[in-house]
1. Using the structure shown, decide if residue A:31 is surrounded by fewer than 20 Cβ atoms within 10 Å (Cβ to Cβ) and more than 11 Å from chain B (Cβ to nearest Cβ).
2. Consider residue A:53 against the criteria (1) within 30 Å of residue B:120 (Cα to Cα); (2) modelled with pLDDT of 85 or more; (3) not assigned by TED's automatic domain parsing to the domain that holds residue A:22: it satisfies all of them except one. Which criterion is unmet?
3. Please enumerate the residues belonging to the range B:88-104 that are more than 8 Å from chain A (Cβ to nearest Cβ) and without any contact (Cβ under 8 Å) to a residue 60 or more places away in the chain.
4. Please work out if residue A:95 is more than 7 Å from chain B (Cβ to nearest Cβ), at pLDDT 90 or above and in a helix (DSSP H, G or I).
5. In contact with a helix residue (DSSP H, G or I) (Cβ under 6 Å, 6 or more places away or on another chain) and either more than 10 Å from chain A (Cβ to nearest Cβ) or in a helix (DSSP H, G or I) (or both): is that true of residue B:154 in this structure?
6. Need the failing condition index for residue A:50 against (1) exposed (fewer than 15 other Cβ atoms within 10 Å of the Cβ); (2) within 12 Å of chain B (Cβ to nearest Cβ), just the number.
7. Quick one: residue B:131 ticks every box in (1) over 16 Å from residue B:68 (Cα atoms); (2) within 11 Å of chain A (Cβ to nearest Cβ); (3) outside any helix (DSSP H, G or I); (4) modelled with pLDDT under 85 bar one, so which box is it?
8. Quick check, is residue A:16 crowded, with 21+ Cβ neighbours inside 10 Å, assigned to a helix (DSSP H, G or I) and more than 7 Å from every other protein chain (Cβ to nearest Cβ)?
């Protein structure tokens, strides 16, 4: 049996909220009802909580328009497929790009090409590589900051 | 009070300001919502894990409305909520084969929707200032334009107060008030003690009251 201790406003407020919500066990409910009989502050606080609860009980979150679900399944499937498509495209691009770079390097080394052209191609290639690394690093950074990605229990 | 014409009176509300003990209609039983899917969820997850895509589609069909309500509470507008729901189901599809059989589905589902919606809220920030709340009850007689305007203002201010809450308080308030979960269910979903649910909900309400101004909460 819970002792009939006096109401402590600093710590007992949550019990009053839970009382209004009908979430207390029998002992706790008896304790709050004891306070209700004895303490005007409790009566006032319960009154405020009841008013707020009654007000929020008359509100709800909007439901989506009926047509929002019309092609929902198709949109989810499309997004899923496109996500897979982009991933495959990226890997394909990397494989082809790597092969092309290799071939280009071989041509630059073996073919009779003026030095200035070789230099131009190498500088252009380095510039492209810097841009690519910068974009990939930025995307990677955003992904790492996404604390909620791939949440699995 | 002005809302009396918009909202039918309740016995609990009319008694709340009584100098003697306020009569509180304590709701003894709040219907449980966590187990709505129950066996169906486990059956559909098992189907999906055996390679039957219809298992996932049945889950999606059953939970999409719920996901929308959860996401809307976090992002506050329809477009972002729909976007978050779609992304959530893509993540669920990606992770469902790793879901442990026998575990309750809703807490896992809730975390994915919550986290996706929070990311969406951080990244998009569209339509800030929208109020996604609406009245449950239609007025049974025509209130004056002034009363309607006052009620509308209060509705918008309530949402602003909810938006201003710290994330941990807001989450508990939304789950209890607009998703209909019981304290025990909220504790299970958020993996926090029951007492923490109680104190967070009370803190949320206290801050909302301060935001609204005590005298403005309708009697």
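The values are calculated or read from the model by the stated rules, or taken from the named source; none is laboratory data. Quick caveat, the model's predicted, so the values are computed rather than measured. Here the Cβ is made from the backbone with ideal geometry for all residues, glycine too, and neighbour counts use every protein chain on show.
1. Working: surrounded by fewer than 20 Cβ atoms within 10 Å (Cβ to Cβ): no; more than 11 Å from chain B (Cβ to nearest Cβ): yes.
It is false that residue A:31 is surrounded by fewer than 20 Cβ atoms within 10 Å (Cβ to Cβ) and more than 11 Å from chain B (Cβ to nearest Cβ).
2. The single condition residue A:53 does not satisfy is (3).
3. Just the residues of the range B:88-104 that are more than 8 Å from chain A (Cβ to nearest Cβ), to begin with: B:88, B:92, B:96-97, B:101-102, B:104.
B:88, B:92, B:96, B:97, B:101 - these are the residues of the range B:88-104 that are more than 8 Å from chain A (Cβ to nearest Cβ) and without any contact (Cβ under 8 Å) to a residue 60 or more places away in the chain.
4. On the way: more than 7 Å from chain B (Cβ to nearest Cβ): yes; at pLDDT 90 or above: yes; in a helix (DSSP H, G or I): yes.
Yes: the conditions hold for residue A:95.
5. Details: in contact with a helix residue (DSSP H, G or I) (Cβ under 6 Å, 6 or more places away or on another chain): no; either more than 10 Å from chain A (Cβ to nearest Cβ) or in a helix (DSSP H, G or I) (or both): yes.
Judged against the criteria, residue B:154 is not a match.
6. (1)
7. Result: residue B:131 passes all but (1).
8. Working: crowded, with 21+ Cβ neighbours inside 10 Å: yes; assigned to a helix (DSSP H, G or I): yes; more than 7 Å from every other protein chain (Cβ to nearest Cβ): yes.
Criteria met by residue A:16.
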